[in-house]
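Asks: One structure follows; several queries about it will come next.
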Amino acid sequence: MGARVGTSVEDAARRLRAGELVAIPTETVYGLAANALDVEACLRIFAAKRRPSFDPLIVHVRGFAAVGDVAREVPPAAAELARAFWPGPLTLVLPRAAAVPDVVTSGLDTVAVRHPAHALTQRLLDALEFPLAAPSANPFGAISPTTPAHVVEGLGDAVAHVLDGGPCPVGVESTIVGWQDGRAVLHRPGGVPLEALEQVVGPLVPAAAGPAPVAPGGLASHYAPRTPLELGALDDLLARHAGRCLGVLAFRQPRAAHACRVLSPTGDLSEAARTLFAALRELDAAGADLLLAEPVPDEGLGRAINDRLRRAAAR
């Protein structure tokens with residue numbers, strides 16, 4: 001029968017209180033939400049997405065005042081970042097409060113928290129008595145959803161309800177920042193550019209690689225289409241794979257291919273981020289043997305775009 005799609009916050013809240021899964025709109029991508037304090041409801045997220053239990057979830061709260069419900073302390077630099085960028089596409093990795101179940105944090109002593117900027121989901125959080133755990137509303141490792149149709153296509157009956165907030169205006173997931181030995185650490189580039197963060201708290205260091213994620217979205221292979229994807233200089237890739245049925249994801253200039261999508265003809269990185277996942281989905285459905293993509297300028301939102309492309313190309 002498929003998920004029900006609608007705009008009723010009251011209906012979404014009722015389903016979440018009953019332990020059901022609801023896809024919610026955010027400014028970044030659609031999230032697959034459940035009561036973050038309900039173990040059984042959160043286990044349904046992992047089952048619906050076929051997500052490994054070692055990959056922690058992001059907890060969405062109604063505002064900074066609610067962080068104390070899920071985190072036992074907030075470092076001063078984290079409070080500064082929250083004041084500067086919340087509500088918005090920034091996730092903070094904080095010491096976990098006892099109320100947060102192990103399943104949400106994958107047993108870690110930290111919890112990833114953010115306050116989303118989408119008005120409809122803000123209304124939903126204000127109506128609820130609990131925060132929401134919500135990874136992206138798609139099968140694990142697949143291209144992230146930025147419209148209700150993407151959610152239904154990927155999850156079908158696994159999600160009870162999709163709260164329709166229209167297309168996501170940012171289009172890439174949140175930036176994730178944590179703290180190690182008192183220093184701010186960048187776990188994942190995202191919707192808040194690194195340059196903006198560093199204006200508030202100074203230089204961030206990259207997170208050290210490890211055998212398992214210490215923050216959501218940390219796996220090497222992620223956000224991937226079904227069709228294999230190669231990332232590099234397009235002219236070189238096109239020459240190497242001449243004669244094959246190719247799909248091409250270009251930054252500014254179209255290329256002759258079986259299918260081609262251009263992220264931003266004007267070179268606008270915000271537009272490129274907003275169109276990235278939809279363009280990947282369209283190319284994945286175009287019947288090509290291989291997808292080719294080029295990096296964008298590695299600055300501002302370009303860091304997040306290149307991060308997603310690298311992970312999509314990893315096999």
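Asks: Against the conditions (1) part of a loop (DSSP other than H, G, I, E, B); (2) surrounded by fewer than 18 Cβ atoms within 10 Å (Cβ to Cβ); (3) within 18 Å of the chain's Cα centre (by Cα), where does Glu129 fall short? Just the number, please.
Replies: Result: Glu129 fails condition (3) only.
Asks: Within the range 261-290, take every residue that is more than 20 Å from Gly154 (Cα to Cα) and in contact with a helix residue (DSSP H, G or I) (Cβ under 7 Å, 6 or more places away or on another chain) and give me the one that is surrounded by the most Cβ atoms within 10 Å (Cβ to Cβ).
Replies: Among them, the one singled out is Ala273.
Asks: Of the numbered conditions (1) within 15 Å of Pro139 (Cα to Cα); (2) surrounded by fewer than 24 Cβ atoms within 10 Å (Cβ to Cβ), Gly63 fails exactly one; give the number of that condition.
Replies: (1)
Asks: Evaluate the following for Leu292: is it closer than 25 Å to Pro135 by Cβ and within 24 Å of the chain's Cα centre (by Cα)?
Replies: Judged against the criteria, Leu292 is not a match.
Asks: Also, I was wondering about something else. Just to verify a result, which residue in the range 222-239, among those that are buried (at least 20 other Cβ atoms within 10 Å of the Cβ) and part of a loop (DSSP other than H, G, I, E, B), is nearest to the chain's Cα centre (by Cα)?
Replies: Per the stated criteria, the residue is Tyr223.
Asks: Only one of these is of a type in the set (Gly, Ala, Ser), under 16 Å from the mean Cα position of the chain (by Cα) and either outside the structural domain of Val29 (by TED's automatic domain parsing) or assigned to a helix (DSSP H, G or I) (or both): Ala286, Ala242, Ala304, Ala257. Name it.
Replies: Of the residues listed, the single one that is of a type in the set (Gly, Ala, Ser), under 16 Å from the mean Cα position of the chain (by Cα) and either outside the structural domain of Val29 (by TED's automatic domain parsing) or assigned to a helix (DSSP H, G or I) (or both) is Ala304.
Asks: Out of (1) out of contact with any Asp or Glu (no Cβ under 8 Å at 6 or more places or on another chain); (2) under 29 Å from Leu197 (Cβ atoms); (3) modelled with pLDDT of 95 or more, the odd one out for Thr28 is which?
Replies: For Thr28, the exception is condition (1).
Asks: Out of (1) aliphatic (A, V, I, L, M); (2) in contact with a Gly (Cβ under 9 Å, 6 or more places away or on another chain); (3) farther than 30 Å from Thr227 by Cα, the odd one out for Ala142 is which?
Replies: For Ala142, the exception is condition (3).
Asks: Sort through Gly156, Gly166 and tell me the only one that's surrounded by fewer than 20 Cβ atoms within 10 Å (Cβ to Cβ), modelled with pLDDT under 95 and of a type outside the set (D, E, K, R).
Replies: From the options Gly156, Gly166, the qualifying one is Gly156.
Asks: How many of the residues making up the range 153-164 are in contact with a strand residue (DSSP E or B) (Cβ under 9 Å, 6 or more places away or on another chain) and either farther than 18 Å from Ala34 by Cβ or hydroxyl-bearing (Ser, Thr, Tyr) (or both)?
Replies: 1
Asks: What pairs come out if I take residues in the range 197-218 that are at pLDDT below 85 and pair them with residues that are buried (at least 18 other Cβ atoms within 10 Å of the Cβ) and of a type in the set (D, E, K, R) whose C-beta lies under 7 Å away, six or more apart or interchain?
Replies: Qualifying pairs under 7 Å: Pro213/Asp55; Ala215/Arg188; Pro216/Asp55; Gly217/Glu173; Gly217/Arg188; Gly218/Arg188.
Asks: Follow-up question, since we're still on this one. Condition first: acidic (Asp, Glu) and within 26 Å of Ser270 (Cβ to Cβ). Now tell me which residues in the range 1-37 satisfy that.
Replies: Answer for the range 1-37, where residues must be acidic (Asp, Glu) and within 26 Å of Ser270 (Cβ to Cβ): just Glu27.
Asks: Sticking with this one: Pull out all pairs, ordered by first then second residue, where Cβ-Cβ is under 7 Å, the residues are six or more apart or on different chains, the first lies in the range 102-121 and is free of Cβ contacts under 8 Å to residues at least 40 places away in the same chain, and the second is outside any helix (DSSP H, G or I).
Replies: Every condition considered, the pairs that remain are Asp109/Pro95; Asp109/Arg96.
The values are calculated or read from the model by the stated rules, or taken from the named source; none is laboratory data. Keep in mind the model is a prediction, meaning the values are calculated, not measured. Positions of Cβ are generated from backbone atoms using ideal geometry, with glycine treated the same way; all protein chains shown enter the neighbour counts.
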